[in-house]
Amino acid sequence: GAVVSQHPSWVICKSGTSVKIECRSLDFQATTMFWYRQFPKQSLMLMATSNEGSKATYEQGVEKDKFLINHASLTLSTLTVTSAHPEDSSFYICSAGGLADYNEQFFGPGTRLTVL
Amino acid sequence: RKEVEQDPGPFNVPEGATVAFNCTYSNSASQSFFWYRQDCRKEPKLLMSVYSSGNEDGRFTAQLNRASQYISLLIRDSKLSDSATYLCVTDTGGFKTIFGAGTRLFVKA
């Protein structure tokens, strides 16, 4: 399957700082990438859909000014959590899709964010 | 009501046992169905797609009942390495993907 990487894999920061998470498709061009958030023992929740060269589409309840998404190239999408607070502590996962007829998504390894 | 509902478990089974997970979905427009496996603190990985006719992959069998909006996963001859959380996933097309909260499985020796 296709390979998607994320960086960093783990980040701890102080409240009020901004954190950037990178998502890269290593061996294919991803026109669409997705950002999910997962709290402990809960399901993945789609935050936004990111299309290369255009503005991201955010799901209801997700603040676009707080979670800035940039998809400047076909292999890179970034999520910036601005002015992070402890309640933003979560597991953030990106995925790239559209490579197969059955809409399989290829997930990055995730980034665990802890805000102190 | 959640769009995709699963029994959270945990299911504790001995090695070699057969275990079945069920999942119901509420959106009748759902077109594609999947089971993903997620290990602790890791990203989900596709286990198998689920087709209307039912499909099998080794020890794993998936079934779909569109009329009842119900999906199942059967694992035969459970291995210790099967211990994980199994996520039921639906897609309405256009990548509107909905994940269930997962069913936790522990296989013990």
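Bear in mind that the values in this text are calculations on the coordinates, not laboratory data. These numbers were taken from a predicted model, which means no experiment stands behind them. Note: ideal-geometry Cβ built from the backbone for every residue, glycine included; neighbour counts use all protein chains shown.
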Three semi-axes of the equivalent ellipsoid, the protein assembly as shown, Cα gyration tensor, whole Å, largest first: 30, 20, 16
Cysteines in the protein assembly as shown that, by Cβ-Cβ distance, have no pairing candidate under 4.7 Å: A:Cys13, B:Cys40
Inter-chain Cβ neighbour average for residues A:105-114, partner chain, 10 Å: 3
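Assigning unit charges at the beta carbon (Lys, Arg +1; Asp, Glu -1) and nothing else, what dipole magnitude in debye, to the nearest 20, does region A:1-53 show about its Cα centre? Show your work: numbers first, answer last.
On the way: 5 positive and 3 negative charges, 64 e Å.
Around 300 debye, computed over region A:1-53.
Explain nothing, just the number: dipole magnitude of the protein assembly as shown about its Cα centre with +1 on each Lys and Arg Cβ and -1 on each Asp and Glu Cβ, in debye rounded to the nearest 20. Mind dumping the intermediate values first?
Details: 22 positive and 21 negative charges, 93 e Å.
In total the dipole reaches around 440 debye.
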Fraction of antiparallel bridges per DSSP, the protein assembly as shown only, in percent to nearest 5: 90
Pairwise Lys count, the protein assembly as shown - Cα closer than 13 Å, eight or more residues apart or different chains: 4
Dipole of the protein assembly as shown, positive end: most advanced residue of B:Ser72, A:Thr31, A:Thr80 [Cβ charges, Cα centre]: A:Thr80
Fewest-first ranking of A:His7, A:His85, A:His71, using other Cβ atoms within 10 Å as the exposure measure: A:His85, A:His7, A:His71
Contact order relative to length of chain A, as percent, for alpha carbon pairs under 8 angstrom and 6 or more apart: 36
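Could you check what % of the DSSP bridge pairs in chain B are antiparallel, to the nearest 5? Display every interim value, and only then the final one.
Working: 35 of 39 bridges.
Restricted to chain B, the bridges split so that about 90 percent are antiparallel.
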